[in-house]
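Heads up: the structure comes next, in structure tokens.
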């Protein structure tokens, strides 16, 4: 018990100056964001226990790059054991502990309970369309029937494929055997004028490619020039509809050879809408096969030189729902577009999915004009020619479904920033840099900005100091003027798709805020970890208070002292009483009528996030508060007393809270006996940086009379 008591007590042999800690950690940030992982590791290693969550993630990533997986896992451990861990943290940590597959699977299981879906919601589609930098052009090939599913091959002299109404009828005996009440589609090939979106020389391809009822959409493997296509297989699926399957054929043989049947097709279920990753190593497709989330789901299968290297992989709950997810389009290894009818009106909308880690995705609905009040689907974009296409049955079209083209002309813009700089040191801007701020602004208006490589370019230099501005938006500034003077610089955002207007960054010298007289005099006193003695740094502050009280002999002062949340509460209460006594004794011995200053210790009771328990047993997590409330009502009807907390936009169910890890593990056993799984999570106190802890270890003053 004695050992345990002092293990929790505030006793830190390594006494570091808070300013040095902050500066060292920020230099680590700056090194990390500029790709200098070795330097980042050196800086972060000096102040590991003081790092914020964001800095810990950066430190761990740098160690992972250096292949120091054990240390990387150790740095990440406090995050994954906390309530603040996000999906990426669990997956990343699981990759670091490959030697313990059982534990890695547990963290993957935790990650799979958390939702990642992020959507921007535009209620007024008209206003959204007016504000967009994009204009859709209805193509001249559209008919009164359905035309959709563009495949544009810029690497093959602008070959333009699309689906249109079938004109050439199949043989008579096939027409008698199969009847269709719907439009029958065939593949058309045409030429496209990039300047005007005029489609010329459109022709229906030879029947060697076109099947009886449907062919297309198409996709091409850019590494092998193999064409993948959907076509009807003349089979009836489990829903008594014509089964659609995937086939492939070399691009230069599309009108001379029959397409080959793909091995990933599944009898009785449709496999359609192919899209190939830019490196040729993944084939994406939609399918209603068993084991999905309902309706049509999106899948991928790994491949090399058109040879499949495994079975289909479902893209998971971040993308797939109980509704239909269709028409995938792989823009890059990190970006996938698709359509879903998951909203209440059951209309297809186009979404952008960004790969976060492994098979987890952040999704965002595209703004108008890409989405409308109709069905919008079959999105594709070509960065080389800066053009794209969608299909839609929106109002005022020519037919049932029309093809629309657009030029990829994202609006590149930024916002002015203000930073304050220290007068006798270097301003270091790393994570919260100018480009990140601009990117947040542009993403909110246009999700497609994710496709654009951005960098900053200096236009006007500073006037009163030295500036180092990096292309990623991080920078260093050192003030050289003898007096504190405002400074500034301007930059522009440069991209292959255009540049922004000049953007101004103001640099303002740090200065003490204009306070009233009492706030100038009665400034807080801070303490080293587990100490109650007065540091030399703060002696001057107390001397100012002494002078004030000797000049104002009627004034009375109440001293209040506090501790951070670490350590036993009873110990911290006594520690803060000693801190107040130190201040009262110092000031009281130097003023007239020392009874005018009194003190009290409050321990850690005012520390935000301190819930009087060090561990919690979490039993579930929901993206929707409504679902969390439904779950907890049902669970508590059985005589339980679980509660809901909101963490990082998720709603977690806390089974019970405990004072020790051992008690929490027993809580897991109790929970399992009730038929539920759970995991142990540390309190929020463990997430605070040393800077946060230090801000709590203080004495404050309240003046009266």
key: Extension reserve of the residue 108-residue 466 stretch, reckoned as 0.36 nm per residue once the Cα distance is removed   = 124.2 nm
request  = Kindly put 685, 565 in sequence by how many other C-beta atoms sit within 10 Å of each C-beta, fewest to most.
outcome  = 685, 565
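How high is the FRET efficiency from residue 191 to residue 528, r the C-beta distance, R0 56 Å, rounded to 0.05? Please list the in-between numbers first.
Details: r = 76 Å, r/R0 = 1.35.
Result of the calculation: an efficiency of 0.15.
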note = Expected sort for 326-339, 137-150 on mean C-beta neighbours within 10 Å, highest first, is 326-339, 137-150
task = Taking the chain as the reference, fit the longest principal axis to its C-alpha atoms, fit the long axis of helix 53-65 to the helix C-alpha atoms, and give the angle between the two in degrees, 0 to 90, nearest 10.
result = 60
query = Once both axes come from the Cα atoms, what is the angle between helix 101-112 and the longest principal axis of the chain, in degrees from 0 to 90, rounded to 10?
reply = 80
ask   = Taking Cα pairs under 8 Å and at least six residues apart, what relative contact order does the chain come out at, in percent?
value = 11
request  = Would you kindly state how much longer the chain becomes between residue 437 and residue 508 on full extension, computed as 0.36 nm times their sequence separation minus their alpha carbon distance, in nm to one decimal?
outcome  = 23.7 nm
inquiry  = Between residue 357 and residue 49, what is the label-point separation in nm under the 7 Å Cα-to-beta-carbon projection?
reply    = 2.6
request  = Describe numerically, in nm with one decimal, the distance between label points set 7 Å from Cα along Cα→Cβ at residue 413 and at residue 77.
outcome  = 4.9
ask   = Taking Cα pairs under 8 Å and at least six residues apart, what relative contact order does segment 417-509 come out at, in percent?
value = 37
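What FRET efficiency comes out for residue 84 versus residue 253 if R0 is 56 angstrom and r is the Cβ-Cβ distance? Round to the nearest 0.05. Don't skip to the end; give the middle numbers.
On the way: r = 56 Å, r/R0 = 0.99.
Taking R0 as 56 Å, the efficiency between residue 84 and residue 253 is 0.50.
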query = For the Cα atoms of the chain, what angle does the longest principal axis make with the long axis of helix 536-551, in degrees from 0 to 90, nearest 10?
reply = 60
ask   = Here are some values of Rg/Rh (Cα atoms, Kirkwood Rh): (1) 1.33; (2) 1.06; (3) 1.00. Which one was computed from this structure?
value = (2)
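Where does the chain land at 222 nm, in deg cm²/dmol rounded to the nearest 500, when only DSSP H runs of n ≥ 4 count, each adding -39500 (n - 2.57), divided by all residues? Don't jump to the answer; show the numbers that get you there.
Numbers: 16 runs with 177 residues, N = 705.
It comes out at -7500 deg cm²/dmol, rounded to the nearest 500.
How high is the relative contact order of segment 615-682, in percent, counting Cα pairs under 8 Å that sit 6 or more residues apart? Walk me through the numbers before you get to the answer.
Numbers: 109 pairs, mean separation 30.5, N = 68.
Reported as a whole number, the value is 45 percent.
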request  = Run the quick spin-label model on residue 201 and residue 680: label points 7 Å from Cα toward the beta carbon, then report their separation in nm to one decimal.
outcome  = 7.1
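Bear in mind these aren't lab numbers, they're just calculated from the coordinates by the rules spelled out. Computed from a predicted model, the values in this text were never measured in an experiment. Here Cβ is always computed from backbone atoms with ideal geometry, including for glycine, and neighbour counts include all displayed protein chains.
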